[in-house]
Each structure stands twice: as C-alpha cells, then as structure tokens.
1. Just to be sure I understand the filter: pairs with C-beta atoms under 8 Å, separated by 6 or more residues or on different chains, first member in segment A:525-538 and at negative phi and open to solvent by 10 Å² or more (accessible area, probe 1.4 Å), second member part of a loop (DSSP other than H, G, I, E, B) and β-branched (Val, Ile, Thr). Which pairs pass?
2. Testing B:ALA211 on (1) within 14 Å of chain A (Cβ to nearest Cβ); (2) over 27 Å from A:HIS318 (Cα atoms), one condition comes back false. Which one is that?
3. How about segment A:247-291: which of its residues are over 24 Å from B:ASN344 (Cα atoms), among the acidic types (Asp, Glu) and under 26 Å from the mean Cα position of the chain (by Cα)?
4. Specify which of the listed residues (A:GLU506, A:GLU514, A:GLU536, A:GLU543) is touching a helix residue (DSSP H, G or I) at 6+ places or on another chain (Cβ under 7 Å) and among the acidic types (Asp, Glu).
5. Give just the number: which of (1) without any contact (Cβ under 8 Å) to a residue 60 or more places away in the chain; (2) within 30 Å of B:GLU412 (Cα to Cα); (3) more than 10 Å from chain A (Cβ to nearest Cβ); (4) open to solvent by 10 Å² or more (accessible area, probe 1.4 Å) does B:PRO313 not satisfy?
6. Check segment A:238-246 and report whether any residue there is within 30 Å of B:ALA338 (Cβ to Cβ), touching a residue at least 12 places away in the same chain (Cβ under 8 Å) and in a strand (DSSP E or B).
7. Could you list, in sequence order, the residues of segment B:322-334 that are facing chain A (nearest Cβ under 10 Å) and surrounded by fewer than 20 Cβ atoms within 10 Å (Cβ to Cβ)?
8. Need the failing condition index for A:HIS319 against (1) crowded, with 24+ Cβ neighbours inside 10 Å; (2) away from chain B (no Cβ under 12 Å); (3) in a helix (DSSP H, G or I), just the number.
Number of protein chains: 2
Amino acid sequence: MRPFGQPGDSSPESPGFSFSINAPWRFVVFSIGMPSSPVSLSEKRHTLAHLLAAAVLERYPHAKATIGPAIDNGFYYDFDFSEAKGSDSAPGEAELAELESAMRDLLPTWTEMQGTEVSAEDARDRFAGNPFKLELIDGIVEAGEPITLYTAGSFTDLCRGGHSEHPAHDIAPDSFTLDRIAGAYWRGDETKPMLTRIYGLAFDTKEELDAYKTQREEALARDHKKLGKELDLFLIDEKVGKGLPMWTPKGTTIKYELENFVRQLERKYKYEHVATPYLGGEELYKTSGHLEHYASNMYAPIDMDGDKFYLRPMACPHHIRMYQRKPWSYKDLPIRYAEIADYNRYEKSGELMGMIRVRKFQLTDGHLFVTPEGLKEEFKNVCRMIVEAMTGLGLIDIVSYRFSKRDPQNKEKYYPDDELWNKAEGLMKEALDELGLPYVEAEDEAAFYGPKLDVQARNVHGKEDTLFTAQMDFLLPEKFDIEYTDADGKKKRPVMIHRSTIGSLERVFGFLIEHYGGAFPTWLSPVQARVLPISEKHAAYAEELLATLDAAGIRADADSSSESLGKRIRSAKQEKIPYLLVVGDAEVEAGTVSIESRDQGKLDPMSGTDFVAKVQEEIRARA
Amino acid sequence: MRPFGQPGDSSPESPGFSFSINAPWRFVVFSIGMPSSPVSLSEKRHTLAHLLAAAVLERYPHAKATIGPAIDNGFYYDFDFSEAKGSDSAPGEAELAELESAMRDLLPTWTEMQGTEVSAEDARDRFAGNPFKLELIDGIVEAGEPITLYTAGSFTDLCRGGHSEHPAHDIAPDSFTLDRIAGAYWRGDETKPMLTRIYGLAFDTKEELDAYKTQREEALARDHKKLGKELDLFLIDEKVGKGLPMWTPKGTTIKYELENFVRQLERKYKYEHVATPYLGGEELYKTSGHLEHYASNMYAPIDMDGDKFYLRPMACPHHIRMYQRKPWSYKDLPIRYAEIADYNRYEKSGELMGMIRVRKFQLTDGHLFVTPEGLKEEFKNVCRMIVEAMTGLGLIDIVSYRFSKRDPQNKEKYYPDDELWNKAEGLMKEALDELGLPYVEAEDEAAFYGPKLDVQARNVHGKEDTLFTAQMDFLLPEKFDIEYTDADGKKKRPVMIHRSTIGSLERVFGFLIEHYGGAFPTWLSPVQARVLPISEKHAAYAEELLATLDAAGIRADADSSSESLGKRIRSAKQEKIPYLLVVGDAEVEAGTVSIESRDQGKLDPMSGTDFVAKVQEEIRARA
C-alpha cells in the first residue's frame, strides 16, 4: 500500500498483452488474472476514465457512455450526447471544471472496484438503450470471451478490467485534470456517429502532472505550425489546398540555405545533380511495381493525348532512365545522382500536419548505381554523409538510427530471395558496425526490395518519426534491366542505393523550427542582423552600416520606426533575430556598433567591419 | 526580261492578297489579273511545284496529285501514292535525285504556262478518278469562284494561278533542288488520308540556293535538340514522357547557374523570393477566370478527398494568396514576389519541341503589387531588369520588344473598360519611351486583362518567338479583391504586374544552346577547364592543379587517358570546353600551365594561381 501522492510504478507501460491494430476492443484493457499490486499508472488512468463516465452520467443522464481507455498522458472517454437537450445539452470546454470537481467529489466514495462475470443476457439488460454497449457485447459474444462488468461506488461499466482495486486510496485527487473536448467517430469510422471525447491528463502525483503540463506548454510554444505563423515562415492556405504549404519570403530564405547546404555537401561526396520532372509515364510505374504495390499512395493519372501520366510518388524511375541514357563501364561506377526532387503522396485530409505531413514535398533525393563489390564502401559513404548532414543542421542530438530488416517468415511482404537478403543485411550490418554507428535493429521494417537504415528524429513532444532513410535495392535494377560492363567485358547488374541527405525540405524544416524554437542559427536566420538607430539623427550612419552588411552578403534590415528603442528591441527579439545593432551618438562618434546577440547577450562594441568579419565567419562555419 | 541566273525580285514576298488561316485554298495562290512581270520568287516556286507534279506523274502514273504551294524556302507538293505498286511504289529519299533530274529535263519544254477558265463539268471530267481534285472543285463551285486550269508542256493542273508565264526562261535550272520527303494529312486533318509530301528548295539563283543551304546546315548544327544530345545537356525519354525533358548533370549545372543569375538579379531589384506548389485548388482558377478562359491549356483536375486540384498553368493565384496572408499599407508597396515557378500547359504531342515547347516548365516568374501612382516607375524598373538580364545572358542582340495592345474594336477578347485600357496603354507607352527602349507596336496582341511587353527572340533559323512578357493587370486584383490601405486610411486596389526575368529555364536554355552553338561563356560552361597531362609522369602535377582549380570553385576535370594528346585535345574541343590546360615537362619545371582558350586560341603560359585568378574574374563578370 502506498500513501497518496507517492510516485507509482514508473516502469514502461505494459498492458499485459499486445493487441492487434484492428481489434475493435483494443482500448478496453482487460486485466483478469493479472497480479493486483502495485497499481500501474495505466490502471489508474483507466480507473479515472470510469470515474469521468460516472461524473458525466450523473450530470448528463441522457448521455450514452461508449468506451474509455488509458492513453499515454491520461485517459479519455467517448460519449454520445445526441439525445441530450436543453440544460442537459452536451458539455463544452467551460463545463470541464465542473465535471472535474464532480470526479473529485466521487473519488473518496470509490473505495473499491470489483469485477463480475455476467451472462450476455444480463449484460444486454443492463445496457438496454445504449446501442454502443450492445454492439460491444455482440463483439465479445462473437469472440467467445467472458463478459465482465466493473463497479465502483454506484457506477457500473462493461469492461475487460485493468483498474485500481481501491481507487480512493490509490489515486491522488490532485494528480489528474480534465484537459479538452474533441469529436471522434464511433470506432474511428467516419461513416459512424460522431461522439464527444473528453480527455483527461493523469499522472501518479501532482508534481508529475504539473511537470507534464509545463513541458507540453513549452513544446506547444515550439510547435512549428504556431511558430511558422508567428515568424511568418510558411502558410497553408485552404484555397491553394490542404497539404500544399507555401514558403513565405522568410521561409524561402531558409529553404534556399538548406538547398545550398545540401548541394554543397553532395558535391563534396561526388554526387552529380540532375533535374527531372514530377510527372512520369504509366509504364515507368508499371515496370517499377509502384502501380502494383504503392497505388494507394498515388494520385489518379492525368491523360495527355491518350497517354497516362502520374504525379510521381518517387523519383527512382526517372533517375534510372537518366542512368540508362548511355552505356557505363565498371570504371564509371558508382554513379551518384542527386536531386531536390518533387514528390507527391496521397495523404488523407485528416492526417495532414503543417510541414511534417504534406501531399507534395521536395525530397533531398539521390540514387546510386554501384557495383556489388563496391556496395559496402559506398553505403558507408552514405552513412558518413548523413552524420555530417545531421551535424551540420545541429540535429545530431535528436537523431537515432534504426537498421530495418525483413522478417524472414513474412514471405509476402519481401522480395523472395533469401541469399540476396542475407547478403544485403550482412553487408549493411558490417558497414554500420565498421563505422561504429549506434543503431537499433528492427525486424519486419525493411522495404519490399531490401534492408534500410532509418534516420529517426525525436520531436519536441518526445515522439520519434522517420526523417528519411537509406536503402539497398537489388530489385529495381532487375526490373529495369540496368547494366554496366565489367572488367571481364560482361554485362553485369549494378545495385542501387536510394538515400536522402536531409529528408524532405518540408519535414526537416518543421523539425528545425521546433528544435530551435524558431531561433535558428545565424546561417539559417531569415534576418541575420537588425540595425536600430536610436534616433533620426543616427539614420544616415545606420544606412551606411546596412549597406556594408548588404555588400558583405549578410541579410540585414533596419528598424527606423518612431517606436521607442525598447519596443523595437522587444519586437526584434520576438522575431528571434541573432544580432541587434544599436547605433546612437556614442557609436557614431567611435565608428562602432553596440551589439546585442540573441544567444550571447551584450557584446563589446566593435567596428562595422569587425562585426561583418565575425558574422561572415559564423555563417561560413554554419555555427 | 531577265537572263537566266540573274537575281530576281527580292522584295518582300507579297502574294497579292491576304488569305484567311482557315481557307482550304490558302496554298493555291491565285494570280489572274495580277501584273505579269517581273516574276516573283514566290511565283517561280509555285511554278516549280507544278514541275515537280509533272515529273512525279510521269514516273509514277498511279500517283494522285493533290495540292502544291510555294513556301518560304521553296515549294512542296502532296501526292497520294496509295494505288502505286511494285516498281511504281511511292518514292523514297533515294528517288529525289532522279525526280529532280526529270524536272530539269522537263523545264526547257515549259516555255509557256497558260491558264484557262473551264466549267465544273469539264474540270470534273479531267480529274475523274482523283478524289482530292474533285473535292477541291466542289469547294470552288461552292464558293462561286471561277475554275481555272493551268498548262505548261503537257502537264495541266487545277490552279488559281500565280506562276511564271515563261518557266523555261524565268527559272534557272540550278536554282532549285528537291529537299526531303515527309508525311502530311490531306488538308492537315489527322482523320483524313496520309499523303506523301515532297519538299523542294528554290531561290532566284544557285548562289542564293547554296547560301541558304550553308546557312541551314549551320543552323542545324546549332539545333538545341542535336547539341543537347551531343553535349549531353538534356534528354527526352519516351518512357518518362514527351514534353517532359530531364536535365543531365551537365545541363543541371547550367540550370543552377541560370537560377543563381536570376535570383541574384532579382535580389538586386528588391524582389522577395517565395516557393509555392504546382498544384492549386479549383476555386483559385474559378476566381482567376483560368477555368473559363484557359481550360484548353490545362490538364484535367486531380481529386483529393473530394476536392479538385489542378496542375497550375500559371502561378498568379498562388502569389495573390501569398500577398493576402496579411494586411499591407501603401508604405509597404510595391510588394515584389519572385519564384522559379513550376508551370504546366497542355500542348499537343505534335507541337512539342525539345526544350522550347514542353508540357511542364519552370518560369522565372514574378508578380508585383503596385499602387496605381507607382505603376509607371515600377514598370520601368521591370524593363530595366529585363535589359540587364538579356545583356547578362548575352542574348541582347537577338532580342527585340513588342508593345502589345488591344484592338479596341474587339469587344469579346478584352476586358471591357475603355478608360482602364487607355490609361494602361498610355502608361506603358510612356514608360517605354522614357526608357528609350526600341519597340514595335502590335494591335490585338494584348492579354485579356491588360497590355503587355513581349520580349521577342530570333532563333538561329531567323524565326522570332516570344521569350517572355511583362504585363499590367487591373483585373485579377479586382477578381481576388486584393487591397492595401492608402495614406488616407482607405482600402485601395493595387495594380499587378506579371513579369519574368529570363522566361522559362527550358526555353531560354534552348535559345542559349543555339545562340552559342553549345560554346557557352565560361560562367555557364558545365566544364570550365580540362587538365591534360602530356604523359603519366605529369599526372601528379595535373592532380595538384586540379585540386587548386577545385578549391577555387572552378569546374574542372582531367583527361589522363592513354589516348594521344592530339586526340584528347580534339575530344575536349568537341565538348566546347573554354580552357584546356596542357602540362608537360616544361610546365612542371616552370610551375606553369600552357593554356589553349576555346575563344582566344593559345595564351601565354602562366602559373596555376594566375590562371585561377583570371578565370575567377571572368566568371564573376559573367563575361
């Protein structure tokens, strides 16, 4: 027994079984037969979902409770308020405090929570009039599982279990709060009724709850959609289209810097740049297999004089046709093509997210044509370049590597050639180990045609996402009949590596905005320095300084508005400009500038020329 | 009377009347009642078409003659050989010499050519069995025109006239030649039978014919499609798609240089760069009027979750939505957005041409939002920038300017607001005159919504094409309800200028290839210098030199193959590389390089560092 307010079980949440993604019951955690103590956080959260339902039904007797699981920061419960009317109408955000208070009032009365197995008939009787529960009961019956009801206080719910057995004792009343209200379709199916979902946050202690709320606020402040708007970096205009972001002048400045960064690095690694169209003829995608395996991510074709063209979902076929424009000898290989390539992928409207998940993006793409003998070394070069790229962007600390292999048992998902797979996975492992790259292995995560290295990035919310990948491919060379002439004069098949330098410009931009909270390093900052003349009589000196900065290629502007200096400084700080250059009588006299650095605070005054040299070096080093 | 071989009438060809583009008889030039002498080149050419028909029918009695006009370098005649068989089968290129010789044999017998008017009945009798001539006769009867037959030697043809009356005397036998054979649909209609078209070249004298052939050969050698392949600059792959060129590594190098050139110039003229997607929602193009007026140039829409998206034919709506993301004051204007924007235009397969006419291109685009008061000055800035751009690319000498106005009588084609038109055309004329820009005026060539300046370029064949335009637009601001706040606090409507910096990258690349014959100025050359070590023992010195060039940002490579120096030099010259750097014993000893400049021949040997400085300066100056 633990007293109130003590930290609970903080081990990784383990719900006791692994459910299938498609199981309708997946949120109704079942715990019969599990050891009863200590009470896990997940169990507490699940119990709080019951408590929420009890409070809601007390206040809104016409509401129908449906399901309510624990989630990774608390819990939710979905209700149908369609029969609620008048003062009994559905709650809004304003009513959350009232409901939360009602939960706190009920909690001390929930000294015990007990489960009973009942017959289907009894269960149907109890939930008569609630078609959602009746549907759930049908499902349990069909699966041949026992039907259990759980009761605490005067509230009984259909449930598989997985609760605190003594809620009043186990749950600290200040460890939870109701968070927000959202709409959700019954069973996530958009053809079914829209329900009202009430979310709660819950942790073991108030301290943990408060820490979570603070961390979430900070993360929200860094949200790239929010900052993108505040800093005027990009916009998503409904008329242009969802999932089709536009880069504003400031965003485009960053885009160009990223493009230059990528191309410079690619030149260093001996890539050749090509430029290919975002449309491709049907035959390309028949040959590649995209139409067979990837059609659900592609848009419908466009007819041009009877020929079908697709908005390309990938650029591999284009680069392959580029390779095939002339014969190659083994001495020419590896051939490395890079392109900031336009990609088009179908995404459902509801899944679009700022710059992170879009319908049209530009991948810093590349395809290498390599001799089998040169494959391992070339793959190592690809990895070296990725590390250099992530270091250059300052993202290296949030990046991890996942070595994604096939599941040898899954014969359908993977190209069926055991020898090839063993060789490719062996080579990739050797390459990673020889480089000393830290990675985790993941089975059943490979591409259809070969193993891959996933470059994973953690966002500000702590969630991991794939930023981009590097893949070995033995299949497309076969399908497109790609060749080179070997030293023995014979035609041989090269291996392909598909890889990216920094992922899509859109997604990496989203990550960069969040990682830096909009305070980009100088080389990426849209405005690198702002000149602030103290009064009108310093305007000429300010103009001169601005001209010097401009000539030196430093992106600078001046704010000579009539606002107070303090206000102008605050405004520049909101824009997260790296350097503010204040010029007044002292500076004009001494021929210097006073510098306020965003990252280092006040610097010693220096001459305009010295400042230029300092910033130029910082930009050159991309520091 | 002029003796054989003397220059004929070289005044601009005037066929005596201006025919409608759609008149089926447009090629059958009619001359009854025209003054009979001197014989124009056009008349000679038309006469030679008859002579060709006579020679063909003599050799291929089953052929059916159809029509044969004069064209701007000679003549052609279309035949139906579908009933020709065996030794009498249709002629190929190999038979042209034989036919040409037969024409020369017949010519002396054509001392006179005479026309007679005949009845429809007589005409139908004479051409019984030739459905093409019968169809023509029907057309003349329907139009209520006289039917005339022209006879020379023993050959009679249905014809409106416009010939030499004394062919044997007027036409020099060495002033013409048969050129080539092509297929052509009867009356240019692809649903009608395919005919065989035989082309001939004809001028007044052999000298002029030879000069034309030489000039044409030179132009063909500069053809951008031919050079694009020879120099490996771009490729059009049938599987990727017709009209969808791909830029090879060398082409992409030039593309990037052009992009940098454009963006640098645009920054100088205070443009802000934006990046917007090549897809746009249906509403944009409903509002803009593109769906109403421009749909035939657009591709079918793509459905995304029930919303329709178009591959955009223009970027104006995107830039307008960008402008509308925030409120603007008159002090903020002009707002100038520039983008190398993806455009998609429907073109028939048959009209596609290399890089010049494509289905997807990148326009160096821009849209300006200007106060009415600032319009003239801003338009002048646009013109100044165009002149600077064309000068920078070295195209200024092949460029001319056309001031395209509306036809005030054409009420349907132009936005109906006389006052606006008068003001806009007046302003544009003032701007052009104040700049002293030489231009021609063209009526009925304006855009629907305003006057424009067309930047015309002459290609190597002497043909003029529009490279790009600058347009004033009062209409889209109205349609999209664009605003700014004026000094008096009132909402006002800005004017838009649509303009380009150098046109589409594809088209200007095509022009540049042809203009320079592939010998690009150094800054644009994919390989700027090639190092040629005389033998293996100079390889280390060559490598060192290459590293120096590389570090200096000069695009260089080395050819250390075992081929003779002479052969390696020839190969580099074929690639039109600006500088060849030969290094042997003397150079190693003196620490210099021997330089062969593509444009200036042999230069004095200099140190590697001096060479770098020289070329860097040349590149910086884009000389």
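The values are calculated or read from the model by the stated rules, or taken from the named source; none is laboratory data. Everything numeric here is computed off the predicted structure, so don't read it as measured data. A quick note on method: Cβ atoms are made from the backbone with ideal geometry, for glycine too, and the neighbour counts reach across all protein chains shown. Accessible surface is based on the protein model in full, side chains and every heavy atom, while ligands, DNA and RNA are left aside. Shrake-Rupley method; radii C 1.70, N 1.55, O 1.52, S 1.80 Å.
1. Sorted first by the residue in segment A:525-538, then by its partner, the pairs are A:VAL527/A:ILE577; A:ARG530/A:ILE577.
2. Of everything listed in (1) within 14 Å of chain A (Cβ to nearest Cβ); (2) over 27 Å from A:HIS318 (Cα atoms), B:ALA211 misses just condition (1).
3. Hits for segment A:247-291 are A:GLU257, A:GLU266.
4. Result: A:GLU514 is the single residue among A:GLU506, A:GLU514, A:GLU536, A:GLU543 that is touching a helix residue (DSSP H, G or I) at 6+ places or on another chain (Cβ under 7 Å) and among the acidic types (Asp, Glu).
5. Checking B:PRO313 against (1) without any contact (Cβ under 8 Å) to a residue 60 or more places away in the chain; (2) within 30 Å of B:GLU412 (Cα to Cα); (3) more than 10 Å from chain A (Cβ to nearest Cβ); (4) open to solvent by 10 Å² or more (accessible area, probe 1.4 Å), the one that fails is (4).
6. Yes, segment A:238-246 contains a residue that is within 30 Å of B:ALA338 (Cβ to Cβ), touching a residue at least 12 places away in the same chain (Cβ under 8 Å) and in a strand (DSSP E or B).
7. Those that are facing chain A (nearest Cβ under 10 Å) and surrounded by fewer than 20 Cβ atoms within 10 Å (Cβ to Cβ): B:GLN324, B:ARG325, B:LYS326.
8. (2)
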